[in-house]
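**Q** Before I ask anything, here is the structure I am working with.
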Amino acid sequence: MIAECRLAIAESKTNRQSAVGKRHLFMSEAMSVATESAIHTENLSKTYYDFWGRPKVTALKNLNLTINRGEVFGLLGPNGSGKSTTIKLLLGLIFPDRGGSAHVLGHPAGDTEINARIGFLPEESYLYRFLNGEETLKFYGRLFKIPKKELKERVPILLDTVGLDEKARKRKLREYSKGMARRIGLAQALINNPDLILLDEPTTGLDPIGTREMKDLILSLKAQGKTVLLCSHLLADVQDVCDRITILFRGEMMELGHVRDLLQVKDVTQISTRGLNESQVQEVKTFLSRLGATEATVTHPTTTLEDLFVRIVRDNTPGGNGAYTSSK
C-alpha cells in the first residue's frame, strides 16, 4: 500500500513537472515569435466604457495577428471595424483590455525604446500650418535628435521622394492642397528612417499619378527591408502592394492570408493558350491534348479584393443584404 502511494505521488510529481515544462516551452515559443516578428498580438481586445464605467462598445475582440518583418501588410475593414483602434493599441496611445497583449519590433507596444524606429502617417495629418515643407521636416528631425548635418542631407532627399518640388517645399503648409499635405505627411513619417511604417489611408487626396507614386514608394520601402502596415479603404491599392491582408468586421478578424490565395477561385479551372482558331476553341474543352496547342497553362482565375471584401461583410451581416451597423 505504501509502495503504491509512493508511486502515485511520484507520477503526480512527474506530471506536474511535465505540465510546467510544456507551459514554459509554450511561453518561450510565444516570446520568440514576438521578438522575431514586426508585430505580434495575442487576444488583443479593446472595450470602451461610458461615464459610469459600463461597457459601451467592444471595438476589438481577441485579435491574434503576426506581421513578419519586411512585408507589406494590409489592414482592411469598413468604418467601425476596429482598424483605428488596432493602430492606436500598437502605438501605445491606448491600452488593451486585460488578458491581451501586443508586441512591436520585439518590445511591448508603447515602449519608448522603439518610438524612434516607427513612422506613422495618420488619416489626418496634424502639422504646423505656419511652417513650410523644409521647416516641417527639420522640426520633426530635431525631435528625433537627428544630427544637423545628417538632417540637412536627408530633408531634400525625402522631399524629392514624395514629389514636392522646390517651389512647393518653400510654401507654408496652410497653402497646401490635400494631396500635398499627404505627401509632406509621408515625408514626416519617414524622417527618422523607421523600420516599421504605419500608413492610415495614405492615398487620400492624391490624383491617379500621385496614387501610383505612393504605391511605388511603398514597394521601394519593402525592397529596403522595411515593414509597412497599410490601412486603406481603396481596395485596389491594397491589392497592388500588399503581401498579406486581414479583414476586420465589427472588431473581429474575418479573413487572413496572402492576397493571391484569398482572391483565387478554387472551384473554377481556367485554361489559356495561344494560336487556336475559332473551331479549335470549341473543341478545346475535350480535345486539348489532341490539338497540339503550345504554351497552354491551367490555373485558377481570381476575383477582386473588392468582391472578397463585400462578400465577407455581407455574409456576416444579419439578413445578408450588405447593410451593417458601425460599432464605433
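**Q** When you go through (1) buried (at least 17 other Cβ atoms within 10 Å of the Cβ); (2) among the polar types (S, T, N, Q); (3) out of contact with any strand residue (DSSP E or B) (no Cβ under 9 Å at 6 or more places or on another chain) one by one for residue 84, which number turns out not to apply?
**A** (3)
**Q** Would you confirm whether any residue within segment 173-196 is part of a helix (DSSP H, G or I), touching a helix residue (DSSP H, G or I) at 6+ places or on another chain (Cβ under 7 Å) and among the basic types (Lys, Arg)?
**A** The answer is no, given that none of the residues of segment 173-196 is part of a helix (DSSP H, G or I), touching a helix residue (DSSP H, G or I) at 6+ places or on another chain (Cβ under 7 Å) and among the basic types (Lys, Arg).
**Q** Still on this structure, please answer the following. Spot the failing condition for residue 257; the list is (1) surrounded by fewer than 16 Cβ atoms within 10 Å (Cβ to Cβ); (2) farther than 22 Å from residue 79 by Cα, and only one is missed.
**A** Condition (2) is where residue 257 drops out.
Residues checked against (1) of a type in the set (A, V, I, L, M); (2) touching a Pro at 6+ places or on another chain (Cβ under 8 Å); (3) surrounded by fewer than 19 Cβ atoms within 10 Å (Cβ to Cβ):
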{"residue": "113", "(1), (2), (3)": "no, no, yes"}
{"residue": "131", "(1), (2), (3)": "yes, no, yes"}
{"residue": "139", "(1), (2), (3)": "no, no, yes"}
{"residue": "150", "(1), (2), (3)": "no, no, yes"}
{"residue": "158", "(1), (2), (3)": "yes, no, no"}
{"residue": "174", "(1), (2), (3)": "no, no, yes"}
{"residue": "184", "(1), (2), (3)": "yes, no, no"}
{"residue": "194", "(1), (2), (3)": "no, no, no"}
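**Q** How about segment 41-56: which of its residues are among the hydrophobic types (A, V, I, L, M, F, W, C) and surrounded by 15 or more Cβ atoms within 10 Å (Cβ to Cβ)?
**A** 44
**Q** For segment 155-178, does any single residue satisfy the condition of being over 22 Å from residue 117 (Cα atoms), touching a Lys or Arg at 6+ places or on another chain (Cβ under 7 Å) and small (Gly, Ala, Ser)?
**A** For segment 155-178, residues over 22 Å from residue 117 (Cα atoms), touching a Lys or Arg at 6+ places or on another chain (Cβ under 7 Å) and small (Gly, Ala, Ser): present.
**Q** To continue, here is another question. Among the residues of segment 204-233, how many are surrounded by 18 or more Cβ atoms within 10 Å (Cβ to Cβ), within 15 Å of the chain's Cα centre (by Cα) and assigned to a loop (DSSP other than H, G, I, E, B)?
**A** Count: 2.
**Q** Quick check on my filter: what residues within segment 158-172 are over 14 Å from residue 135 (Cα atoms) and either part of a helix (DSSP H, G or I) or in contact (Cβ under 8 Å) with a residue 40 or more places away in the chain (or both)?
**A** 160, 161, 162, 163
**Q** So, one more: Inspect all residues belonging to segment 105-112 and state whether any of them is assigned by TED's automatic domain parsing to the domain that holds residue 224, within 23 Å of residue 220 (Cα to Cα) and small (Gly, Ala, Ser).
**A** no
**Q** For segment 113-126, does any single residue satisfy the condition of being under 19 Å from the mean Cα position of the chain (by Cα), over 27 Å from residue 240 (Cα atoms), at pLDDT below 95 and not in a strand (DSSP E or B)?
**A** Looking for residues that are under 19 Å from the mean Cα position of the chain (by Cα), over 27 Å from residue 240 (Cα atoms), at pLDDT below 95 and not in a strand (DSSP E or B), one finds at least one in segment 113-126, hence yes.
The values are calculated or read from the model by the stated rules, or taken from the named source; none is laboratory data. Owing to the predicted nature of the structure, the values given are computational and were not obtained by experimental measurement. Virtual Cβ from ideal backbone geometry, glycine too; neighbours counted across all protein chains shown.
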